[in-house]
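The values are calculated or read from the model by the stated rules, or taken from the named source; none is laboratory data. Since the model is a prediction, treat every value here as computed from it, not as a measurement. Cβ placement follows ideal geometry from the backbone for every residue including glycine, while neighbour counts extend to all protein chains displayed.
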Amino acid sequence: NSLYDSYIKAFRWSTDRLNPKYGGIIAFVSNGAWLDGNAQDGFRNTLEKEFSSIYVFNLRGNARTQGELRRKEAGNVFGGGSRTPIAITLLVKNPKHKAEKATIHYYEIGDYLNREEKLALVKKFGSICNSEMPLIELTTNEHGDWLNQRDDVFGSFISIGDKDDKTNKSIFNPFYSRGLASARDSWCYNSSRISMFASIKDFIAFYNQQRIAFFNIQNTNPSLNLEDFLNFDSTRITWNRGLKNDLQRNKEILFNKACVVQGLYRPFFKQNLYFSRELNDMVYQLPKLFPTTTTENLLICVSGLGGSKENTTIITNIIPDLNCLDSGTQCFPLYYYEERQKQSK
């Protein structure tokens with residue numbers, strides 16, 4: 001998802017517009033998160049391959065940090081108008097350049113500087129060619145790391161979980177799961193059990209009304225389009241692909257009190273949860289970790305890849321929400337449960 005940011009697309013579009021015979025120069029003042037973001041390693045590799053020289057002036061100012069790191073990032077050159085780090089980037093494409101990779105020239109503005117101090121330095125340097133600007137040449141690695149380069153020793157460790165590992169040597173293969181993605185939090189989560197019963201029953205009743213009405217009309221109008229018929233009142237219902245498919249199959253949904261369990265909505269914040277494939281958008285492997293309301297299990301929950309915050313870990317004995325931790329909670333269980341096949345005599 002990070003690669004769908006508009007500024008990433010702008011790099012791609014502008015590169016495509018350079019004359020392949022004469023080359024050219026592209027300059028951006030943009031979000032600087034791409035310099036060390038996990039999801040942008042391929043993007044950085046592509047820049048190295050497509051250009052001959054790259055100049056980066058990292059103005060920092062990331063407001064999405066905490067503690068001492070936040071104090072080091074300090075002011076943003078756009079003030080309160082941006083919470084992201086800012087970088088000035090010049091990309092030079094010289095068709096006569098023969099090396100496989102670009103030469104990367106880099107300067108980081110420093111720690112604890114406020115907005116005015118940073119703008120003063122930008123004005124002082126004036127040009128990337130200013131000899132007073134102490135540019136360093138970055139040595140990158142094969143993984144596309146420019147700044148905080150990974151330690152390759154981690155590649156020798158046993159993976160905690162990897163569904164692409166056909167040898168099943170990962171610790172938690174094959175059963176681990178993302179947290180629950182209900183896509184209907186306002187209905188499926190509630191601190192009040194009574195309020196949850198009422199809201200879920202209203203949701204189901206409205207769905208069944210729509211289902212019955214659709215098929216009644218379709219009997220006389222077979223060409224009726226479902227999208228044109230459905231009521232998208234967000235105070236009554238939220239439609240997704242699964243629920244639309246259920247309606248088209250004329251599937252009746254009934255309230256099931258046994259589906260109400262405890263869920264970990266956010267760290268240390270439990271709520272009543274309506275856990276049901278029919279009403280939850282994505283349950284992933286969670287039914288194999290908690291097949292019944294009385295099933296006992298322990299899950300090690302960690303932040304997903306590409307998170308903007310430091311890695312977080314928590315252990316829970318109930319179903320966690322996908323957004324319980326940053327960037328899609330991944331859950332590694334003590335147990336997983338399989339349905340026992342009935343043996344014939």
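Filtering the stretch 208-241 to residues that are in contact with a Leu (Cβ under 7 Å, 6 or more places away or on another chain) and either in contact (Cβ under 8 Å) with a residue 40 or more places away in the chain or aromatic (Phe, Trp, Tyr) (or both) leaves 211, 214, 239.
Just one of the listed residues (198, 181, 205) is among the small types (Gly, Ala, Ser) and more than 25 Å from residue 266 (Cβ to Cβ), namely 205. Could you check, for the stretch 22-30, whether at least one of its residues is under 22 Å from the mean Cα position of the chain (by Cα) and either farther than 15 Å from residue 102 by Cβ or not hydroxyl-bearing (Ser, Thr, Tyr) (or both)? Yes, because at least one residue in the stretch 22-30 is under 22 Å from the mean Cα position of the chain (by Cα) and either farther than 15 Å from residue 102 by Cβ or not hydroxyl-bearing (Ser, Thr, Tyr) (or both).
Going through (1) surrounded by 11 or more Cβ atoms within 10 Å (Cβ to Cβ); (2) at pLDDT 95 or above one by one, residue 242 falls short only on (2).
One residue alone among 61, 42 is surrounded by fewer than 14 Cβ atoms within 10 Å (Cβ to Cβ), out of contact with any Lys or Arg (no Cβ under 7 Å at 6 or more places or on another chain) and among the small types (Gly, Ala, Ser), and that residue is 42. Has the stretch 287-299 got any residue that is surrounded by fewer than 20 Cβ atoms within 10 Å (Cβ to Cβ), among the acidic types (Asp, Glu) and at pLDDT 90 or above? Looking for residues that are surrounded by fewer than 20 Cβ atoms within 10 Å (Cβ to Cβ), among the acidic types (Asp, Glu) and at pLDDT 90 or above, one finds at least one in the stretch 287-299, hence yes. For the stretch 263-291, a tally of residues being in contact with a Pro (Cβ under 9 Å, 6 or more places away or on another chain) and in a strand (DSSP E or B) returns 3. Restrict the check to the stretch 242-262 and report whether at least one residue is free of Cβ contacts under 8 Å to residues at least 40 places away in the same chain and in a strand (DSSP E or B). For the stretch 242-262, residues free of Cβ contacts under 8 Å to residues at least 40 places away in the same chain and in a strand (DSSP E or B): absent.
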